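Worksheet for the structure shown next.
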Amino acid sequence: MPNSHSRSTSLRLDGRLPADVAQAVSLLQQGGIGGIPTETVYGLAADAFQPRAVARVFEAKQRPAFDPLIVHLPDPAWLPRVAREVSSLARQLAGRFWPGPLTLVLPRQTTVPDLVTSGLDSVAVRIPAHPLARELIAQVGSPLAAPSANLFGRISPTTVQHVLDQLEDRIDFVLDGGPCRVGVESTVLQVEPEGLRLLRPGGTTVEEITAVFPEVAWLDPLASPGHNLPQVAPGLLTQHYAPRTPLELVDPANLGDRVRDWSGSHPHTQLGLLRWQKTPATRDEPAGTNTYTEWLTTTGDWKGAAARLFACLRRLDESQSELILAERVPETGLGRAINDRLRRAAARTE
Ligand code: TXA
Ligand code: MG
């Protein structure tokens, strides 16, 4: 029986090897917990129907129990196991965007443990686009509850090494499925009879959804009836996805001034910069300062930028900079998810 106290480091399993996948399956069936690849970020998975295993996920992440988990399925045919009702709009969204980075919040089946949903009457569900994730869940034979595989409030992992850096001595295994293709978490949508509430912008963009469902009404996520905000979507908690280094979100037009101000008052310390697009025009500006810079893109490609975001933040965090200035990116498409993560990183109060 896997137990957090009997193992000091986690098994590193290779998703290309059937014997390694079988070992991950068997650990999960026995109530173990482990890092698994998805197309968005690595998840910290447990069998959703084993409350003791789910409790270990909360413990390993140091995550407050009022923050519910996403349940991952391999196939829409499994929906009735976790959702008691799937509206026609939810069905259409699932048909169009699954497998993929979209999470639907649906009425919950009472058999789903309270710990998974934090006692809410709803359950968050998605089908990941990573084939290894789906194969793993199908072999386990039970839905997997999986938050991102990072310590609570910290940067989400997009490689197996990121998972090990934060959780190595707290989990039973990591299953390597390569770097995550999307790089930001799934979009979380509450599906209601009157329309959709965007609880978290993510890998499926609002533009993609409205292109397919132009008629759909977008409801105010802050006005969800009968709930206060942390209960509806604790992912909306302002401080989240934070590096240890303080981070400030700056409009591109003010970046030069902010760098000059800060460098003037901190002449001997390094400043970290997270920049949007590297072009001949932006490359050398702002100049003449002790800076460490990460660029999200050279071509303006949103997908590549989103996929790099968390790795760039990690390198900045390790760059010995006193402060990270992050340039706000255009608020469109995946830019919404990128700005959302940067805003939360900046909201860090410690
Ligand atoms: O891409 C992703 O979504 C990744 C991968 C591993 O699938 N998972 C992920 O999980 O980001 P996590 O736990 O870090 O974020 C789950 C989000 C949180 O914002 C949580 O509050 C929200 O989903 N959520 C979960 N259940 C909910 C519910 N019943 N009602 C509203 N929001 C819910
Ligand atoms: Mg998370």
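The values are calculated or read from the model by the stated rules, or taken from the named source; none is laboratory data. In this text, all values refer to a predicted model and were calculated from it rather than measured experimentally. Note: ideal-geometry Cβ built from the backbone for every residue, glycine included; neighbour counts use all protein chains shown. Protein only, heavy atoms only, side chains kept; ligands, DNA and RNA dropped before computing areas. Shrake-Rupley method; radii C 1.70, N 1.55, O 1.52, S 1.80 Å.
Can you name the residue in the range 194-223 that is in contact with a Lys or Arg (Cβ under 6 Å, 6 or more places away or on another chain) and either open to solvent by 40 Å² or more (accessible area, probe 1.4 Å) or more than 16 Å from ligand 2 (Cβ to nearest atom) (or both) and, of all such residues, is modelled with the highest pLDDT? Show your work before the answer.
Of the range 194-223, the ones in contact with a Lys or Arg (Cβ under 6 Å, 6 or more places away or on another chain) are 201, 212, 219, 221.
Then drop every residue that is not either open to solvent by 40 Å² or more (accessible area, probe 1.4 Å) or more than 16 Å from ligand 2 (Cβ to nearest atom) (or both), which leaves 212, 219, 221.
Details: VAL212: 96, LEU219: 93, PRO221: 83.
Per the stated criteria, the residue is VAL212.
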Task: Selected residue [away from ligand 1 (no atom under 16 Å from the Cβ) and either out of contact with any strand residue (DSSP E or B) (no Cβ under 9 Å at 6 or more places or on another chain) or farther than 25 Å from THR158 by Cβ (or both)] from ALA19, ALA90 - done: ALA19
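Does at least one position in the range 284-294 carry a residue that is within 22 Å of GLU185 (Cβ to Cβ), outside any loop (DSSP other than H, G, I, E, B) and within 20 Å of the chain's Cα centre (by Cα)? Working first, answer last.
Going through the range 284-294, the residues within 22 Å of GLU185 (Cβ to Cβ) turn out to be 294.
Within this subset, residues satisfying the condition of being outside any loop (DSSP other than H, G, I, E, B) are 294.
So of that shortlist, the ones also within 20 Å of the chain's Cα centre (by Cα) come out as none.
No, that holds for no residue.
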Open item on the list: So PRO179 passes all but one of these: (1) under 16 Å from the mean Cα position of the chain (by Cα); (2) open to solvent by 20 Å² or more (accessible area, probe 1.4 Å); (3) near ligand 1 (Cβ under 10 Å from one of its atoms). Which condition number does it fail?
Closed with: (3)
TODO: Filter the range 43-84 down to residues that are charged (D, E, K, R) and assigned to a loop (DSSP other than H, G, I, E, B) and give me whichever is nearest to PRO107 (Cα to Cα).
DONE: ARG84
TODO: State all residues of the range 121-134 that are outside any loop (DSSP other than H, G, I, E, B) and buried (at least 22 other Cβ atoms within 10 Å of the Cβ); if no residue qualifies, say none.
DONE: VAL123, ALA124, VAL125, ARG126, ALA133
Task: Out of PRO64, PRO74, PRO80, sole residue that is touching a helix residue (DSSP H, G or I) at 6+ places or on another chain (Cβ under 7 Å) and more than 10 Å from ligand 1 (Cβ to nearest atom) - done: PRO74
TODO: Among what's in the range 183-193 and is in a loop (DSSP other than H, G, I, E, B) and open to solvent by less than 20 Å² (accessible area, probe 1.4 Å), pick the residue that is farthest from ligand 1 (Cβ to nearest atom).
DONE: GLY183
Task: Which listed residue, of SER156, SER118, is open to solvent by 30 Å² or more (accessible area, probe 1.4 Å) and either of a type in the set (Ser, Thr, Tyr) or near ligand 1 (Cβ under 8 Å from one of its atoms) (or both) - done: SER118
- [ ] Could you grab me the full set of residues in the range 51-98 that are open to solvent by 10 Å² or more (accessible area, probe 1.4 Å) and of a type in the set (Lys, Arg)?
- [x] ARG52, ARG56, ARG63, ARG81, ARG84, ARG91, ARG96
Open item on the list: Kindly evaluate ASP165 against the criterion of being farther than 16 Å from ALA90 by Cα, without any contact (Cβ under 8 Å) to a residue 12 or more places away in the chain and more than 9 Å from ligand 1 (Cβ to nearest atom).
Closed with: yes
Open item on the list: Name the single residue that is farthest from the chain's Cα centre (by Cα) among those in the range 14-36 being within 25 Å of ASP114 (Cα to Cα) and outside any helix (DSSP H, G or I).
Closed with: GLN30
Task: Residue selected from the range 163-176 under the condition buried (at least 24 other Cβ atoms within 10 Å of the Cβ) and within 16 Å of ligand 2 (Cβ to nearest atom), by the criterion farthest from PRO246 (Cα to Cα) - done: ILE171
Task: Residue count, the range 293-344 (criterion: closer than 17 Å to VAL206 by Cα, of a type in the set (A, V, I, L, M, F, W, C) and surrounded by 22 or more Cβ atoms within 10 Å (Cβ to Cβ)) - done: 5
Task: Residue count for the range 108-138, restricted to those that are without any contact (Cβ under 8 Å) to a residue 40 or more places away in the chain and closer than 18 Å to GLU85 by Cβ - done: 4
